[in-house]
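Colleague: Next up is a structure, given as structure tokens.
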């Protein structure tokens, strides 16, 4: 019968009996570790379910090695280099497909992150676009007043002057919009982990290891958005098919968008 156990506030399992016994022998599951299996009404310390077992010195020494980690799915110990990272979780090769399938189906697996799919990210992008679009519209209205007030369209040579001013205005407006976009994205990504659109939907941008992104990475991710857009939107659509819901800009910058 499969077991579950709690570690650092995370539920880990299901774990087969043989693998669970190995965790007990190695000292990962201790007498005070909360455990549960089918048939138990509540979680209980393992010491009240079964007598503690001796811990071989050799095994305990191996577990103490900082390079040893445990598969989130099956709970077996591995060297870290043998495990595949999924956000804050690590799974072995044998469990990779099962674990990835659970994430795609939105199953709340113990200690795992849940990646944000294409459609919820699309809605977040629309919200951010509406905010930036409103700022751009107001900026355009102010710019029209500043650049073109006082021009006399019927004066000699007015058309040439008007065209020159218009080109300068469009160029300045483009650069200002880029600066606003960078400031908006970088500030919210590095300060809150998400732009207002993603915050509204409880999403967060993290590194592949699950940590916050740096300023330099945030700037790179902003410009990587343009690469996703220049592929006729295919770079964005990739998030709907990737196991970790990565768009092209996520692949370029090694970032993930997760539910929080």
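Any read-out appearing in this document is the output of simple, stated calculations on the displayed coordinates, not a laboratory observation. Predicted model, so just to flag it, every value in this text is computed and none were measured. Don't worry about glycine lacking a Cβ; one is built from the backbone with ideal geometry, like all the others, and counts go over all protein chains shown.
Colleague: From the P(r) of the range 118-259, could you give the percentage of C-alpha pairs in the tail past 26 Å?
Modeller: In whole percent, the long-distance tail amounts to 35.
Colleague: Would you mind putting 249-256, 28-35 in packing order, based on average other-beta-carbon counts within 10 Å, highest first?
Modeller: With the highest mean Cβ count within 10 Å placed first, the list reads 249-256, 28-35.
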